[in-house]
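Only one structure is covered here, and it is reproduced in the block below.
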Amino acid sequence: MSLANEIKCPHCEAWNQSTGMVDAKCANCSEYLEPARVEHEEEKRLAAARNENYYLKINDNDETLTQLFKIFVNSVRWSAYYAVMLFFIFVAGILLIVGIIAM
């Protein structure tokens, strides 16, 4: 008796050997065998990457007021970062224009 795991492709309905991997693809049509699982894993990866860029990490068990405060602080931090970048780009543009005029 064989205990082979097989999974049916939702696109072409061909049976494939199941490897248990999230990004397993069909041997027949090369589509994902479990597209919902792939999408869920991608969302988790993006949420983790977005959470790494935060100055204050937002936890699920934080109170609502604490989460709002952390979101506010993180947005102020990124706004200040972009404001400084725009300032330096503005100064560089002015120096470029003055340099061209002085020629």
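Computed from the coordinates by the stated procedures, all read-outs in this text should not be read as laboratory data. Everything numeric in this text was worked out from a predicted model, so none of it was measured. Neighbour counts are summed over all protein chains in view; Cβ atoms, including those assigned to glycine, are modelled from backbone coordinates with ideal geometry.
Put a plus charge on the Cβ of each Lys and Arg, a minus charge on the Cβ of each Asp and Glu, and nothing anywhere else: the dipole of the chain about its Cα centre is then about 480 debye.
Angle of helix 35-52 to the longest C-alpha principal axis of the chain, folded into 0 to 90 degrees and rounded to 10: 30°. Neighbour counting of Cβ atoms within 10 Å sorts the residues 84, 22, 38, fewest neighbours leading, into 84, 22, 38. Calculated mean residue ellipticity, 222 nm, the chain: -20000 deg cm²/dmol, from DSSP H runs (n ≥ 4) at -39500 (n - 2.57) each, averaged per residue and rounded to 500.
Taking the longest Cα principal axis of the chain as reference, the axis of helix 64-102 is set at about 50 degrees. Take the Cα pairs of the chain, get the Kirkwood Rh, then feed it into Stokes-Einstein at 10 °C and 1.306 mPa s and tell me D in µm²/s. Result for D is 84 µm²/s.
The phi-based Karplus calculation (6.51 cos²θ - 1.76 cosθ + 1.60; θ = phi - 60°) puts the 3J(HN,Hα) values of segment 17-27 at 5, 8, 9, x, 7, 5, 9, 5, 10, 5, 6 Hz, whole numbers, x for Gly and Pro.
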